[in-house]
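One structure is given here, and the rest of the page talks about it.
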Amino acid sequence: MRISKGFFPTVKEVPADAVIPSHQLMIRAGLMRQLGAGIFSFLPLGYAVMKKVMQIIREEMDAIGGQEFHLPALNPIEIWEETGRVKAFGDILFHIKNRALVLAPTHEEIITHIARNQIRSYKDLPQLWYQIQTKFRNEPRPKSGVLRGRQFTMKDSYSMDSSPEGLDASYNFHAEAYKRIYSRCGLNFFIVGASSGAMGGSGSQEFMIESDAGEDTVALCDHCHYAANLEVATSKMPSAVRLNGEKPLEEIHTPNIKTIDQLAKFLKIETNKCAKSLVYISGDTPVLIFMMGNDQLNETKLQAVLGADVRPAQPEELLALTGADAGSIGPIGLKAKFKIIADKRLEGANGMCSGANKNDYHIGNIDFNRDVKAEGYFDLRTVEDGESCPSCSSPLRIVKGIEIGHIFKLGTKYSIALGANFLDESGKEQPIIMGSYGIGVERIVACHIEQHHDANGIIWSKSIAPYDVHLICVNPDSEDIVKTSEELYNSLQSKGLAILFDDRTSVSAGFKFKDADLLGMPLQVVVGERNMKNQEVELKERATGKRWTVKVQSAVDAVNQFVKN
RNA sequence: CGGGGCGUGGCUCAGCCCGGUUAGAGCGCUUGGUUCGGGACCAAGAGGUCGGGAGUUCGAAUCUCCCCGCCCCGACCA
């Protein structure tokens, strides 16, 4: 494509609305334009990248036996009522005003609907169906360009099996295919175990890239590649050391001491000899939770232990339940009846100091075996940066991550809800066992830019670059240079390479170089006076900035070799 | 949904607090000329209901109220 004839609206200034590099560069390089909050138009260059990514996904899905569908975005609301997901999605689901239709935010219902009508026998299984289509979600707060939008392209696939073993196999095929997809797209990614949340089902993993723009927090081990969402991450932490000898409880006057740090300093003891007390309300039940020292409670873990929604108690509730304010609460002398649980680091701890349930007083020599009627000791703490990896003891890093894919073992939630059954070998009707596997296409593009850019612009990997080569005619007034660059343009194209040809006559050389770096094709070919004197053209590798010259007559081979390698 | 910020030519912004010429700058765009290896230069132009509405005032981009849109933080995120 000739830049002089095409639509390549680059912009020099950083757009005011864009904060993260990928968003800024996708606007500046003319990949897309914003239409509304979380809604973007993809321009030819951006769509070219999208198509490359989708093609890689297609190839890898086809390689594991996937069959591509094209499904409706308009769905009858009834089918979403059947699975209870109108309620589950709530305001996230877009509703059509003048028909009983919704805009599909995902396609489990529709796939299952097709399966219900067509799959009869275990002989029809397994099936692996996928689609690459636009999904609609009324995000409360779109952000970070294309990373969280109200409309986005997603590859969703759905596996249907007749046995749990079959599901495991389908799931593992996807895990492997996903690794190949992200690797081919040039992404540096990692995999974390995840909770399957409201999707239902048994197991799930998230594919993520590390980025400050991410919305998830993850504990990562660079040594053994342990990776876990902070919501479930663990680390090796020493348990309480049990001291010799029985000491009686001791009330200590601690004026204005509220925090563990203040308490430890005041009493000249380790923070680990202090037990922090927290009060949560789970359903209607007040729960008293003990954490060692400054350990932070992890509410997701707490919720998992209690099996119900939890919330911190209000200050008035604290006073009513314990007789003291936050900072003076402890296990001894409580006013109300509590369910009591503690972090497992505190199991068997003694000689501990905690609140006296009386403002300005703490109690020392607490023995958790003797004095605390805990119903159980659980892992309730939040892992912190630098703690030891649970599998190899190397220091963990706590980082932000962007989710680029998620695979679920759904099980039978949707097949039961929609009655998608098959007859097994004994002629008995069974619900189809399903899996669901998603990849955000725009997110791959944005994440690639997050990982591959510099101050001058995008640095595309060869696999997803919209063009293989950016050819620059530096001096449009020189007959020789125009002729050589035109010939190169034609002969490179005839080799099957995708060439972006900067043949503009109206812009200066510097402008062309800046645009080439901004657009980020892997290889730049510069035809200019400087090297044409020697019958040479310059090649520049965008990623490294490395430049070298080749003779004009061998340029096509040199470029071809670079692109194919 | 809570908190904060912003809305002025295509883009980035100044002007607003303290109302008063014809609403400005840089970039971009058009025309002509000079340039041509890292976002050139000169000259002449085009382009604005100052987000919308109501109000205060002799007079509103500027003050008041309402609405809309966008961005950021938080909540939320199968």
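The values are calculated or read from the model by the stated rules, or taken from the named source; none is laboratory data. Just so it is clear, the structure is predicted and the values come from calculations on it, not from any experiment. Note that we place each Cβ from the backbone using ideal geometry, even for glycine, and neighbour counts take in every protein chain shown. To get the accessible areas, we keep the full protein, side chains included, count just its heavy atoms, and leave off ligands, DNA and RNA. Shrake-Rupley method; radii C 1.70, N 1.55, O 1.52, S 1.80 Å.
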Which order do you get for A:His70, A:His174, A:His453, A:His406 if you rank them by accessible area with a 1.4 Å probe, largest at the top? A:His70, A:His453, A:His406, A:His174
With N residues in the range A:469-564, what two-decimal value do you get for its Cα radius of gyration over 2.2 N^0.38 Å? 0.96
Using a 1.4 Å probe and counting only protein heavy atoms, arrange A:His253, A:His107 so the residue with the most accessible area comes first. A:His253, A:His107
For the pair A:Leu71 and A:Lys236, what calculated FRET efficiency results from E = 1/(1 + (r/R0)^6), where r is the Cβ-Cβ distance and R0 = 35 Å, to the nearest 0.05? 0.15
In the range A:31-63, whose amide N lies under 20 Å from the spot 7 Å out along Cα-to-Cβ of A:Thr10? List them in ranges. A:31-34, A:42-50
In units of 2.2 N^0.38 Å, what is the alpha-carbon radius of gyration of the range A:436-502? 1.52
Under the rule of -39500 (n - 2.57) per DSSP H run of 4 or more residues, summed and divided by the residues of chain A, what mean residue ellipticity at 222 nm is obtained, to the nearest 500 deg cm²/dmol? -8000 deg cm²/dmol
Pulled fully out, how much extra length does the chain show between A:Ile332 and A:Ser491, if you take 0.36 nm times their separation in residues and subtract their Cα-Cα distance? 48.7 nm
Could you state the number of Å between the C-alpha centres of the range A:493-543 and the range A:208-286? 58 Å
Over chain A, the quotient of the Cα radius of gyration and 2.2 N^0.38 Å is 1.24
Cysteines of chain A without any disulfide-compatible partner (other Cys Cβ under 4.7 Å) are A:Cys185, A:Cys274, A:Cys353, A:Cys447, A:Cys473
For the peptides A:329-339, A:87-97, A:428-438, what is the packing order when you average, over each peptide's residues, the other Cβ atoms within 10 Å and list the highest mean first? A:428-438, A:329-339, A:87-97
Between the alpha carbon centres of the range A:340-404 and the range A:1-72 the gap in Å comes to 47 Å
Beyond a 18 Å Cα-Cα separation, which of these cross-linked pairs lie in this structure: A:Lys12/A:Lys462; A:Lys512/A:Lys540; A:Lys5/A:Lys495? A:Lys12/A:Lys462; A:Lys5/A:Lys495
On a full-extension model of 0.36 nm per residue, what is the gain between A:Lys268 and A:Lys564, subtracting their alpha-carbon distance, rounded to one decimal in nm? 99.8 nm
Could I have the simple spin-label model distance between A:Lys87 and A:His253, label points 7 Å from Cα toward Cβ, reported in nm to one decimal? 5.7 nm
Give me the net charge of A:Ala228's neighbourhood, meaning all other residues with Cβ under 13 Å from the Cβ of A:Ala228; Lys, Arg count +1, Asp, Glu -1. -3
Roughly how many Å² of A:Trp548 are accessible to a 1.4 Å probe, to the nearest 10? 70 Å²
Quick one: compute the contact order of chain A, relative version, from alpha carbon pairs under 8 angstrom and 6+ residues apart, as a percent. 17 percent
